[in-house]
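Colleague: Below are the structure tokens for one structure; questions will follow.
The values are calculated or read from the model by the stated rules, or taken from the named source; none is laboratory data. Since the model is a prediction, treat every value here as computed from it, not as a measurement. Neighbour counts run over all protein chains shown; Cβ positions are idealised from the backbone, glycine included. The area values use the complete protein model at the heavy-atom level, side chains included, leaving out ligands, DNA and RNA. Shrake-Rupley method; radii C 1.70, N 1.55, O 1.52, S 1.80 Å.
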Amino acid sequence: MSTEEIRAALADIVNEVAGVDADDVQLDKSFVDDLDVDSLSMVEVVVEAEEKFGVTIPDDEVKNLKTVGDAVAYIERAQAA
Amino acid sequence: MTGQTNRTRVVVTGIGTTNPVGGNATDTWDGMVAGRSGVRRLADSPGFAPWVESGLAAELPVGIAGTAAVEPSDVLERVRARRLDRSSQFALIAATEAWKDSGLDAAQAADELDGDRIGVAMASGIGGVHTLLSNYDAMLEKGPRRVSPLSVPMLMANAPAATISLEIGARAAVNTPVSACASGNEAIALAADQIRLGRADIVVAGGTEAAIHPLPIAAFANMMALSKNPGDPATVSRPWDTGRDGFVLGEGAGALVLESEEHAKARGARIYAEVLGAGITADSHDIAQPDPEGRGGSRAILRALADGDIDPADVAHVNAHATSTPQGDVAEALMLHATLGGHATDVIVSGTKSMTGHLLGGAGALEAVATILALHHRLAPPTINLDDLDPAVELDIATKPRDLPLGDIVALNNSFGFGGANVAVAFGSVG
């Protein structure tokens with residue numbers, strides 16, 4: 001999957017879970033500060049993303065995923081591993 | 001002469017409901033007066049679609065229920081609904097309607113309310129059973145990682161009350177009475193007490209239930225509480241009729257805005273009725289069966305009358321618990337004779353579960369809405385499907401809408417629950 005494909009699929013998950021407009025889910029956006037995704041919704045996003053992208057995102061890693069770009073980069077690395 | 005004069009008076013200034021007959025109070029009242037049943041085939045109910053598709057629905061011993069007339073997902077914003085159990089969705093819809101109906105939404109927008117003086121008493125009989133079981137299903141299918149992190153705040157019994165507290169900024173007591181099928185009525189009784197005790201000026205009170213799921217259906221059917229009548233769904237709930245054979249499960253919520261009379265009058269609110277008194281008792285007889293002579297229920301009615309200093313001769317209407325079970329319907333008739341004496345046959349009695357089915361923890365609240373509207377419109381709603389009155393029942397049961405007398409009258413709302421819980425609330429007419 002390309003970076004843009006991952007971003008777009010992740011944007012759909014964020015929209016489904018938190019109601020954020022998918023077009024607003026861009027790489028430079030912070031989940032908490034820009035998109036208003038609270039901590040429990042973030043857990044839901046992570047679990048949906050694990051299934052969608054076939055990766056594992058440990059709980060300890062979630063706190064490092066501050067922006068959409070952080071999450072997309074993590075998923076790309078995990079898919080490549 | 002009826003009515004205590006030397007204490008804080010509690011009045012009803014707002015009503016709301018969503019239930020099998022209607023998605024709001026107006027549609028519900030119009031439907032009830034028209035004698036319209038909200039009981040449907042589960043196969044025709046959108047909320048039951050997952051189990052119709054899986055085939056489980058066809059294996060259940062019961063194929064009907066009073067499913068919501070309006071799906072909550074058609075009313076609530078999608079992400080909001082996603083974070084709420086179905087029972088909280090119903091409660092939020094009913095409470096929001098009641099809140100707007102009372103005019104308190106405008107007072108709040110004008111910053112005229114003190115949230116520290118606003119409470120909530122929103123009951124649930126069973127809690128968030130859909131959330132609990134759907135997450136269990138997900139865990140078995142896909143593993144513990146798939147259990148929603150929102151499961152606990154969604155399924156906890158006080159989630160509906162807490163949801164309303166968040167919605168309206170209520171910061172006085174936020175209570176969740178749990179007494180099975182008496183829960184909704186108990187919430188109203190406790191809410192009135194909060195206001196009388198000076199702990200709140202306003203309490204949003206009621207009950208909710210969303211238990212139309214294969215497991216509760218199987219459980220109630222296996223304990224032989226549900227009707228297994230395979231006929232036209234609209235005819236199955238038939239309180240006091242000789243052909244009754246159990247209740248029909250319903251879902252939904254009812255909500256009232258209760259307010260001290262002083263607070264309501266100061267803001268020029270419309271007052272539907274007064275909460276005159278309430279009685280709460282227990283049978284200590286059996287975990288599921290009612291006392292066959294209805295002694296605990298009689299004591300609840302007597303306490304409600306005494307609490308409101310009510311002359312039994314002023315009672316003009318009863319919205320009975322009347323679930324359409326062989327034993328319970330007769331026991332309630334005995335209670336009315338034991339408490340109202342010779343006046344029992346002068347009272348116009350309605351069994352609205354004939355149309356709504358049994359909303360369990362929401363029942364007492366929905367029936368409070370019906371009782372209050374009966375006083376407001378001076379009209380007792382009908383009991384449908386009463387073709388052949390059980391000879392053990394000597395009551396004047398409304399089978400068509402019946403006019404209630406003018407002047408100061410009292411209406412009783414009865415609820416009885418598993419665990420031996422009995423609650424009676426007496427409402428007085430206003431104007």
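Colleague: Would you kindly state how much longer the chain becomes between B:ALA107 and B:ASP44 on full extension, computed as 0.36 nm times their sequence separation minus their alpha carbon distance, in nm to one decimal?
Modeller: 18.5 nm
Colleague: Taking the alpha-carbon centroid of each part, what is the distance from segment B:357-395 to segment B:1-61 in angstrom?
Modeller: Cα centroid of segment B:357-395 versus Cα centroid of segment B:1-61: 12 Å apart.
Colleague: Over segment B:1-110, what percent of the accessible surface lies on carbon and sulfur atoms, probe 1.4 Å?
Modeller: The value for segment B:1-110 is 50 percent carbon and sulfur by accessible area.
Colleague: Equivalent ellipsoid semi-axes for the protein assembly as shown, as square roots of 5 times the alpha carbon gyration tensor eigenvalues: give them largest first, rounded to whole Å. If you can, show how the numbers build up before the last one.
Modeller: Working: eigenvalues 398, 145, 61 Å².
Value: 45, 27, 17 Å, ordered largest first.
Colleague: Then there's this: So which residue, out of B:ARG171, B:ARG41, B:ARG78, gets the largest mean-square fluctuation from a GNM of chain B using Cα contacts under 10 Å as springs?
Modeller: Taking springs between Cα atoms under 10 Å, the residue moving most is B:ARG78.
Colleague: Rounded to the nearest 5, what % of the DSSP beta bridges within the protein assembly as shown are antiparallel ones?
Modeller: Around 65 percent of the beta bridges assigned by DSSP in the protein assembly as shown are antiparallel ones.
Colleague: On to the next question. Between B:SER284 and A:GLU4, what is the label-point separation in nm under the 7 Å Cα-to-beta-carbon projection?
Modeller: Spacing of the two 7 Å Cα→Cβ label points: 7.6 nm.
Colleague: Measure off 7 Å from each Cα along the Cα-to-Cβ vector at A:LYS66 and B:ASP408, then give the distance between these two points in nanometres to one decimal.
Modeller: Here the modelled spin labels are 6.9 nm apart.
Colleague: Under a 1.4 Å probe, what is the accessible area of chain B per residue, stated in Å²?
Modeller: With all protein chains present, chain B gives 36 Å² per residue.
Colleague: Restricting attention to segment B:1-103, which GluC sites (Glu not before Pro) occupy a DSSP loop and are surrounded by at most 14 other Cβ atoms within 10 Å?
Modeller: B:GLU77
Colleague: Any chance you could tell me what percent of the C-alpha pair distances in segment B:10-266 go past 25 Å?
Modeller: Pairs farther apart than 25 Å: 45 percent.
Colleague: I would also like to ask the following. Could you tell me which of the pairs B:LYS100/B:LYS353; A:LYS66/B:LYS142; A:LYS29/B:LYS142; A:LYS29/A:LYS63; A:LYS29/A:LYS52; A:LYS52/B:LYS142 are separated by over 23 angstrom between their Cα atoms in the structure shown?
Modeller: In this structure, B:LYS100/B:LYS353; A:LYS66/B:LYS142; A:LYS29/B:LYS142 exceed 23 Å between Cα atoms.
Colleague: Arranged from highest to lowest average of other beta-carbon atoms within 10 Å per residue, in what order do the peptides B:107-117, B:222-232 appear?
Modeller: The most tightly packed comes first, giving B:222-232, B:107-117.
Colleague: What residues have an amide H closer than 5 Å to that of B:SER324, excluding those fewer than 5 places away on the same chain, when H is modeled at 1.01 Å from N in the peptide plane?
Modeller: Those lying under 5 Å, H to H, from B:SER324 are B:TRP240, B:ASP329.
Colleague: Using r as the Cβ-Cβ distance of B:GLU141 and B:ARG78, and R0 as 30 Å, what FRET efficiency do you calculate, to the nearest 0.05?
Modeller: 0.80
Colleague: Step through the residues of segment B:405-414 one at a time and calculate ³J(HN,Hα) from phi using the Karplus curve (6.51 cos²θ - 1.76 cosθ + 1.60, θ = phi - 60°), rounding each to whole Hz and writing x for Gly and Pro.
Modeller: x, 7, x, 6, 10, 10, 10, 9, 10, 9
Colleague: Sticking with this one: What ³J(HN,Hα) values, in whole Hz, does the Karplus curve 6.51 cos²θ - 1.76 cosθ + 1.60 give for segment B:141-149 when θ = phi - 60°, with x put for Gly and Pro?
Modeller: 7, 10, x, x, 4, 8, 6, 4, x
Colleague: What residues have an amide H closer than 5 Å to that of B:GLY14, excluding those fewer than 5 places away on the same chain, when H is modeled at 1.01 Å from N in the peptide plane?
Modeller: Answer set, sorted by chain and number: B:VAL257.
Colleague: Something else: Test of understanding: in a Gaussian network model of chain B with alpha carbons linked when under 10 Å, which of B:GLY143, B:GLY103, B:GLY47 would top the mean-square fluctuation ranking?
Modeller: Evaluated over chain B, the most mobile residue of the options is B:GLY143.
Colleague: Under 5 Å between amide H atoms, partner at least 5 residues away or on a different chain: which partners does B:THR208 have, H built in plane at 1.01 Å?
Modeller: HN-HN under 5 Å from B:THR208: B:ALA123, B:SER124, B:GLY125, B:GLY362.
Colleague: Something else now. Which of B:GLY297, B:GLY420, B:GLY250 moves the most in a Gaussian network model of chain B with Cα springs under 10 Å?
Modeller: Answer for the Gaussian network model of chain B: B:GLY420.
Colleague: With all protein chains present, how much of the accessible area of segment B:124-272 (probe radius 1.4 Å) comes from carbon and sulfur, to the nearest whole percent?
Modeller: Solvent-exposed carbon and sulfur of segment B:124-272 make up 58 percent of the total.
Colleague: Straight distance only, please: which aspartates and glutamates reach the Cα of B:LYS228 with their own Cα at less than 17 Å, same-chain residues fewer than 8 apart left out?
Modeller: Those aspartates and glutamates meeting the cut-off are B:GLU59, B:ASP241, B:ASP245.
Colleague: Once phi is turned into θ = phi - 60°, what whole-Hz ³J(HN,Hα) does the Karplus curve with 6.51, -1.76 and 1.60 give for every residue of segment A:21-31, x standing for Gly and Pro?
Modeller: Going residue by residue, I get 4, 4, 5, 7, 8, 10, 4, 8, 8, 7, 4 Hz, with x marking Gly and Pro.
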